[in-house]
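Q: One structure is given below, represented as structure tokens, and several questions about it will come after.
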Amino acid sequence: CYEKSKMSDLNKLHKTLAVFKRMIRLWFFTTGCCYVIVSVSLVMMLSLFLDRIFRFDWSQRLICLLIALCYICFNIYHYIIKPIFDKISDEYLCLSIEKRRPELSQKITSGYQLANLDQPEVYGFSRILVEATINECIHAIESLNIKELIDNKLRFKLFICGFLSMVLISVFVFSFSSEFTIWYQRNVLLENVKWPRQTILKVENLRNGNK
């Protein structure tokens, strides 16, 4: 009966921690998407500005495109793929929770360690103590709010930056469609399309020897 109760508590503890892990990965995914959107917007605006001013040739545009792709791919890997697929151990999560909530005074880590300890009586722990510690651990975790463990201020700022970046890209695409088309053809498709010039010098009736 004791072993069944212990296994039930252990499964309950693992399920609760699994919920926290999913929420943390969701936080990484949403903030990572904001990072990527902002980086894409910066790349587009910088590429437009530089190419419009300096009118890069084909090789220069190719180099800029490769650098931009490497930068965006790095951000996708660093801010989305890596955090999502990094393994978060239960023990590491318990320690992280107690760092954010020091008033718990190791209730979570102690309960987790005892729940995973085979035959705690061998190490001098009574069954009553083990059950009480595990129950305290479970109650402490269930009383937590996931918002207390993640940086919501950072996520809010990134949401604002991501939204403004999407607005900026939308304005560029729909309000300046001709400039966007030329930029896309030159800097993405690498076609030899010319930027329009503001002034054109035209000389008429020019004859040899005339001043």
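The values are calculated or read from the model by the stated rules, or taken from the named source; none is laboratory data. Computed from a prediction, not measured in an experiment: that's the story for all the values here. Neighbour counts are summed over all protein chains in view; Cβ atoms, including those assigned to glycine, are modelled from backbone coordinates with ideal geometry. All accessible areas refer to the heavy atoms of the entire protein, side chains included, with ligands and DNA or RNA removed. Shrake-Rupley method; radii C 1.70, N 1.55, O 1.52, S 1.80 Å.
Q: Ignoring everything except DSSP H segments at least 4 long, calculate the 222 nm mean residue ellipticity for the chain; use -39,500 (n - 2.57) per segment, divide by total residues, nearest 500. Walk me through the intermediate numbers first.
A: Numbers: 8 runs with 147 residues, N = 211.
Helix contribution divided over all residues of the chain: -23500 deg cm²/dmol.
Q: Right, something else. Could you please state how large a percent of the accessible area of the chain is carbon and sulfur, counting protein chains only and using a 1.4 Å probe? Working shown, then result.
A: On the way: 9180 of 14570 Å².
Here carbon and sulfur together make up 63 percent of the probe-accessible area.
Q: Among (1) 204; (2) 127; (3) 172, which is the computed volume of the Cα convex hull per residue in Å³?
A: Label of the calculated value: (3).
Q: For Cα pairs less than 8 Å apart in space and 6+ apart in sequence, what is the mean separation divided by the residue count of the chain, i.e. the relative contact order in percent?
A: The value is 30 percent.
Q: Next question. Stretched out fully, how many nm does the piece from LEU26 to GLN113 gain, at 0.36 nm a residue minus the Cα gap? Please report the intermediate quantities before stating the final value.
A: Working: separation 87, 0.36 × 87 = 31.32 nm, distance 2.68 nm.
Separation in residues times 0.36 nm, less the Cα-Cα distance, equals 28.6 nm.
Q: Follow-up. In Å², what does the accessible area per residue of region 44-146 work out to with a 1.4 Å probe? Mind showing how you got there, number by number?
A: On the way: 6650 Å² over 103 residues.
It amounts to 65 Å² per residue over region 44-146.
Q: Normalising by the residue count of region 90-171, find the relative contact order in percent from Cα pairs under 8 Å and 6+ residues apart. Walk me through the numbers before you get to the answer.
A: Working: 47 pairs, mean separation 22.1, N = 82.
Answer for region 90-171 is 27 percent.
Q: Please work out how much length the chain gains when fully extended from SER178 to LEU50, using 0.36 nm per residue of separation minus the C-alpha to C-alpha distance, in nm with one decimal.
A: Values: separation 128, 0.36 × 128 = 46.08 nm, distance 1.72 nm.
Stretched out fully, the SER178 to LEU50 stretch lengthens by 44.4 nm.
Q: Probe radius 1.4 Å, ligands and nucleic acids left out: which of ASP151, ASP118, ASP9 has the largest accessible area, and how do the rest follow?
A: Working: ASP151 70, ASP118 120, ASP9 25 Å².
Most to least solvent-accessible, the answer reads ASP118, ASP151, ASP9.
Q: Using 7 Å Cα-to-Cβ label points, what is the LEU189/CYS161 separation (nm, one decimal)?
A: Once both label points are built, they end up 3.3 nm from each other.
Q: Keeping all protein chains in place and using 1.4 angstrom, which order do ARG55, ARG186, ARG101, ARG22 fall into by accessible surface area, from largest down? Don't jump to the answer; show the numbers that get you there.
A: Values: ARG55 85, ARG186 15, ARG101 50, ARG22 150 Å².
Final ranking, largest accessible area leading: ARG22, ARG55, ARG101, ARG186.
Q: In nm, give the distance between the simple-model label positions of ASP86 and ILE63, each being 7 Å from the Cα along the Cα-to-Cβ direction.
A: Those two pseudo-labels are separated by 3.4 nm.
Q: Please go through the residue pairs LYS87/LYS147; LYS21/LYS87; LYS21/LYS99; LYS15/LYS87; LYS12/LYS147; LYS99/LYS147 and name each one whose alpha carbons sit more than 19 Å apart in this structure. Intermediate values should be presented prior to the final figure.
A: Working: LYS87/LYS147 21 Å; LYS21/LYS87 10 Å; LYS21/LYS99 16 Å; LYS15/LYS87 16 Å; LYS12/LYS147 21 Å; LYS99/LYS147 14 Å.
Correct reply: LYS87/LYS147; LYS12/LYS147.
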